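J.: Supplied in structure tokens, the structure appears directly below.
The values are calculated or read from the model by the stated rules, or taken from the named source; none is laboratory data. Just so it is clear, the model here is predicted, and its values are computed rather than measured. Cβ: placed from backbone, ideal geometry, glycine included. Neighbour counts: every protein chain shown. Remember, those area values only see protein heavy atoms, side chains included, never the ligands or the DNA or RNA. Shrake-Rupley method; radii C 1.70, N 1.55, O 1.52, S 1.80 Å.
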Amino acid sequence: MSCSMLGIINATNEFETFQNLTAHRTLASLPFAGRYRLIDFMLSNMVNSGITNVAIFTGHEIRSLMDHLGSGKQWDLDRKRDGLFVFTPDGKSRYERFGSFAHFSKNITYFLRSKQKYVVITNCYTVGTIDFCKILDHHIEMEADITEVSNDGKSLETYILSKDLLLSLFEKYKNQGYYSIFDVVHDKRHNFKINLYECTGFIAIIDSLQSYYRNSMDLLQPTVWKQIFSKEEPIFTKVKDEPPTRYKREAKVANSMIANGCVIEGEVENSILFRSVKVGKGAVIRNSIIMQKCQIGENCVLDGVIIDKDVRIENSVHLTGTLVSPYIVGKGTVQEGR
């Protein structure tokens, strides 16, 4: 399957509600679902739709994102023609959400050199399965100028339009206060024909700490998991070679996602553990997200907790959060017992 489209992912988004989970990384590289990053989902949707020319426009704090993306090999985008392109800001400007005409137009050569007729512009924090070829077909059939994609009546901040129209928008609206394609679509003064395309199935918008935690817990429902992860439309990510998880004799695991490389001696229930997490004897983990290479000591009790990478929880520590306000432990810290 192939679509004559450029894939544009706006990864400039900066939401303050994530607390210190995004203090050292861009939202696009926020770990999700045990072994993925948020950007993997839209990037994989593009690849599964046959899009071979993808540009990611980033904001700041991009070291982890660049390390994750590499050359684009994991998504079959390390190509001699087209492939994966990453455009960073100039070091002074800070771009807001919804995609920036200013950021795009500073890299206008990329658009001018591309051979594709159409463009899909989307964000880095939508999780779900989207077939962009079907949307393009609908866009052409409706003879629309711009197609906006929605789910349950809510905009996914995803748009399809011709490349020529996008290029004209850079110039036409430069001095009219339009910051992005979102502004154009939602301004009633224009004469463009706007088409709406409704996506069905499970779609999650990860734009706050609460939505991150809630949708992570939803993945533990088999009906939700099957809608996102399928053999027909796989989600690709950076591959890391680690051994299978070891479950010791005392281990008890129920309704949880456990990535490879973990060592489990305690109890894990209704939780998500990323790679190489160690859970000590007598520890109890419930309703929690434990990121890569964390060490949970013996006899700890963690409930409603999000623990960032490389954290060490010493023996007998008790931490409790809620669905509305999960307890956050920052990257690389040590939680000592009282």
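J.: Criterion first (among the hydrophobic types (A, V, I, L, M, F, W, C) and open to solvent by 10 Å² or more (accessible area, probe 1.4 Å)) does Val301 satisfy it?
T.: Answer is yes for this residue.
J.: Which residues, counting only those in region 129-169, are in a helix (DSSP H, G or I), crowded, with 19+ Cβ neighbours inside 10 Å and under 23 Å from the mean Cα position of the chain (by Cα)?
T.: Scanning region 129-169 gives Phe132, Ile135, Leu136.
J.: Also, I was wondering about something else. Examine region 176-188 for a residue that is open to solvent by 30 Å² or more (accessible area, probe 1.4 Å) and part of a strand (DSSP E or B), and state whether such a residue exists.
T.: no
J.: A further question follows. Select from region 108-128 the residues that are open to solvent by 20 Å² or more (accessible area, probe 1.4 Å), of a type in the set (Phe, Trp, Tyr) and either within 25 Å of Thr223 (Cα to Cα) or part of a loop (DSSP other than H, G, I, E, B) (or both) and list them in ascending order.
T.: Matches in region 108-128: none.
J.: A follow-up question, please. I need the full set of residues from region 202-212 which are of a type in the set (A, V, I, L, M) and buried (at least 19 other Cβ atoms within 10 Å of the Cβ), in order please.
T.: Ile203, Ala204, Ile206, Leu209, listed by residue number.
J.: I want to confirm something. Restricting to region 51-72 and keeping residues that are hydroxyl-bearing (Ser, Thr, Tyr) and buried (at least 19 other Cβ atoms within 10 Å of the Cβ), which single residue is farthest from Val239 (Cα to Cα)?
T.: This residue is Thr58.
J.: Would you point out the residue of region 213-233, among those that are more than 21 Å from Ser276 (Cβ to Cβ) and in contact with a helix residue (DSSP H, G or I) (Cβ under 7 Å, 6 or more places away or on another chain), that is most open to solvent (accessible area, probe 1.4 Å)?
T.: Out of the qualifying residues, it is Glu233.
J.: What is the number of the single condition among (1) in contact with a helix residue (DSSP H, G or I) (Cβ under 8 Å, 6 or more places away or on another chain); (2) open to solvent by 10 Å² or more (accessible area, probe 1.4 Å) that Tyr36 does not meet?
T.: (1)
J.: Continuing with the same structure: What number of residues within region 1-24 are open to solvent by 10 Å² or more (accessible area, probe 1.4 Å) and out of contact with any Gly (no Cβ under 8 Å at 6 or more places or on another chain)?
T.: Final tally of qualifying residues: 7.
J.: Go over the candidates Lys188, Lys134 one by one and state the one that is free of Cβ contacts under 8 Å to residues at least 12 places away in the same chain, under 20 Å from Val54 (Cβ atoms) and either of a type in the set (D, E, K, R) or out of contact with any Gly (no Cβ under 8 Å at 6 or more places or on another chain) (or both).
T.: Lys134
J.: Any residue that is open to solvent by 70 Å² or more (accessible area, probe 1.4 Å), under 27 Å from Ile160 (Cβ atoms) and modelled with pLDDT under 95 - is there at least one of those in region 235-252?
T.: So far as region 235-252 goes, no, none of its residues is open to solvent by 70 Å² or more (accessible area, probe 1.4 Å), under 27 Å from Ile160 (Cβ atoms) and modelled with pLDDT under 95.
J.: While we're here: Counting just the residues of region 39-50 that are touching a Gly at 6+ places or on another chain (Cβ under 9 Å) and open to solvent by less than 10 Å² (accessible area, probe 1.4 Å), which one comes out farthest from Ser4 (Cα to Cα)?
T.: Step by step, filter region 39-50, then rank; the result is Phe41.
J.: Provide a single number: the residues in region 260-273 that are under 20 Å from Tyr36 (Cα atoms) and open to solvent by 10 Å² or more (accessible area, probe 1.4 Å).
T.: So the count comes out to 4.
J.: How many residues, within region 315-331, are free of Cβ contacts under 8 Å to residues at least 60 places away in the same chain and open to solvent by less than 20 Å² (accessible area, probe 1.4 Å)?
T.: Residues meeting the conditions: 4.
J.: Which members of region 203-231 meet the condition of being aromatic (Phe, Trp, Tyr) and either outside any loop (DSSP other than H, G, I, E, B) or in contact with a Ser or Thr (Cβ under 8 Å, 6 or more places away or on another chain) (or both)?
T.: Tyr212, Tyr213, Trp225
J.: Follow-up question, since we're still on this one. Failed condition for Ala11, given (1) within 22 Å of Val239 (Cα to Cα); (2) modelled with pLDDT of 95 or more; (3) in contact with a helix residue (DSSP H, G or I) (Cβ under 8 Å, 6 or more places away or on another chain), with all others met?
T.: (2)
J.: Ok, one more. Of the conditions (1) under 25 Å from Leu220 (Cα atoms); (2) hydroxyl-bearing (Ser, Thr, Tyr); (3) modelled with pLDDT of 90 or more, Thr17 satisfies every one except a single condition; which number is it?
T.: Of everything listed in (1) under 25 Å from Leu220 (Cα atoms); (2) hydroxyl-bearing (Ser, Thr, Tyr); (3) modelled with pLDDT of 90 or more, Thr17 misses just condition (3).
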